[in-house]
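Accompanying notes for the structure given below.
The numbers here are math on the coordinates, done by the rules we state, and not lab data. Small disclaimer: the values here were computed from a predicted structure and weren't measured. Here the Cβ positions follow ideal geometry from the backbone for every residue, glycine too, while neighbour counts run over all protein chains shown.
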Amino acid sequence: MTAPPRQLALNLPHSPSFARDDFLVASSNREAFVAIDAWPLWPARMLMLVGPEGSGKSHLAALWAEKAAARTIKLSERAGSDVDETSAFLIEDADRGGGREVPLFHLLNAALQTKAWVLLTARTTPDAWGVKLPDLLSRLRLAPVARLKTPDSELTEAVLFKLFSDRQLQVEPRVVSYIAMRIERSLGAVRQLVDLLDHEALAQGRPVSRAMAAQFLRVFPDSMMDAP
């Protein structure tokens with residue numbers, strides 16, 4: 001039997017939305033969401049968002065940065081320590097600064113002196129970063145910590161429904177549940193799989209099915225469970 005012809009699927013980019021309405025609050029991220037939402041009524045001028053890869057730190061940080069009109073700094077890309085007239089800073093991936101400890105220390109000191117707001121994101125708390133400057137470690141330890149946990153299957157399923165809906169893909173609930181139980185617990189992995197399924201469904205001219213999902217789950221990274 002001849003397979004049906006595949007349609008030409010345009011590889012159009014779908015950038016993740018960091019709008020407030022697109023952040024789904026669940027038990028794994030509620031603590032961090034409440035902390036971010038409480039700004040500017042923070043207990044200190046500095047806060048640290050800590051959570052594993054794909055837990056939603058960047059989304060929450062983007063919400064705060066927009067609300068606070070914060071300037072975003074990535075230590076892996078920038079070594080500058082000037083604060084100018086900026087009243088709020090977002091320092092993303094603070095635990096991946098490499099050899100940028102001195103600029104980070106000066107930046108935090110300058111922000112403290114000017115009473116600027118600072119939000120840092122990291123995968124772990126500062127004691128696990130291997131910080132060599134004792135004064136920097138002491139400064140980082142002053143920041144209250146808001147934690148995000150690895151997304152559970154309930155949140156993963158909700159995000160899948162949201163992303164499929166955004167792309168106007170009608171996917172049966174049982175298929176969504178099947179994916180949520182087997183996919184890596186990472187919102188980045190969820191977005192990547194939805195991208196693949198969207199492209200494949202368009203190419204085949206048919207809805208996303210369990211068999212289609214299983215096919216892509218099998219070829220996903222080794223950290224993802226294979227479908228039985």
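Worth a mention:
- The stretch between GLN192 and ALA211 holds 5.1 nm of extra length on full extension. This uses 0.36 nm per residue minus the Cα-Cα distance.
- With the charge dipole of region 84-228 set up from +1 on Lys and Arg Cβ and -1 on Asp and Glu Cβ about the Cα centre, the Cα lying farthest toward the positive end among the listed residues LEU104, MET212, GLN192 is that of MET212.
- When only the Cβ of Lys, Arg, Asp and Glu is charged (+1, +1, -1, -1), the dipole of region 123-222 relative to its Cα centre reaches about 220 debye.
- A simple spin-label model places the labels of ARG96 and ARG30 3.0 nm from each other, with each point 7 Å out along Cα-to-Cβ.
- Calculated FRET value between ALA128 and ALA69, using beta carbons and R₀ = 35 Å, to 0.05: 0.65
- Anisotropy class of region 152-194 from Cα gyration tensor, a/c 1.5 cut: oblate
- Each of LEU142 and LEU41 was given a label point 7 Å from its Cα along the Cα-to-Cβ line. The distance between the two points is 2.4 nm.
- Gyration tensor verdict on region 25-147 (Cα atoms; rounded if a/c is under 1.5, prolate if a/b is larger than b/c, oblate otherwise): oblate
- FRET efficiency, 1/(1 + (r/R0)^6) with R0 25 Å, evaluated for ASP22 and ALA203 via beta carbons: 0.40
- Under 5 Å, built H, 5+ apart or other chain: amide partners of ILE91: ILE73, LEU119, LEU120, THR121
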